[in-house]
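Asks: Please read through the structure below; I'll follow up with questions.
Every number here is computed from the coordinates shown, using simple stated rules; none is lab data. Remember, predicted model here, so these are calculated numbers, not experimental data. A quick note on method: Cβ atoms are made from the backbone with ideal geometry, for glycine too, and the neighbour counts reach across all protein chains shown.
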């Protein structure tokens, strides 16, 4: 199955995902994230990331209020194989702590590659400035 085309937007329940060439996968999470929506969004991300090297996951978390137990189980059961940096903005303190704990657990349980990272910023402009400053070698497509 070929991955989504650049700039394609999709809706997963209240969640929205889109892509930006060459290697940005964007998502705007809203409300309480549920398991089926998160599972479908992650499948979309995997299909798109499979054709690339390192990707940036640009996450707007300003409207997230929480995650259902089912969504937490989806996160726990997800194994990522692509190198990625989650570049998040707008997250409330509790959401930041939860996201950092999930990332640490994934590293500990080896369900994520060692080169998966998460960084937080106050707003989208700061998040995009960070992506723009990353060395070009981490922004190239896989040969």
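Asks: Suppose we keep just the alpha-carbon trace of the stretch 9-64; what are its Rg and Dmax in angstrom?
Replies: 10.9, 31
Asks: Among DSSP bridges having both ends in the stretch 9-134, what percentage is antiparallel? Round to the nearest 5. If you can, show how the numbers build up before the last one.
Replies: Details: 9 of 29 bridges.
Taking every DSSP beta bridge within the stretch 9-134, about 30 percent pair in antiparallel fashion.
Asks: Can you pull the three principal axis extents for the Cα set of the stretch 9-134, in Å, largest first?
Replies: If we take the Cα atoms of the stretch 9-134, the spans are 35, 28, 28 Å.
Asks: Mind giving me the FRET efficiency for residue 21 and residue 46? R0 is 25 Å, r the Cβ-Cβ distance, nearest 0.05 is fine.
Replies: On the way: r = 18 Å, r/R0 = 0.72.
It comes out at approximately 0.90.
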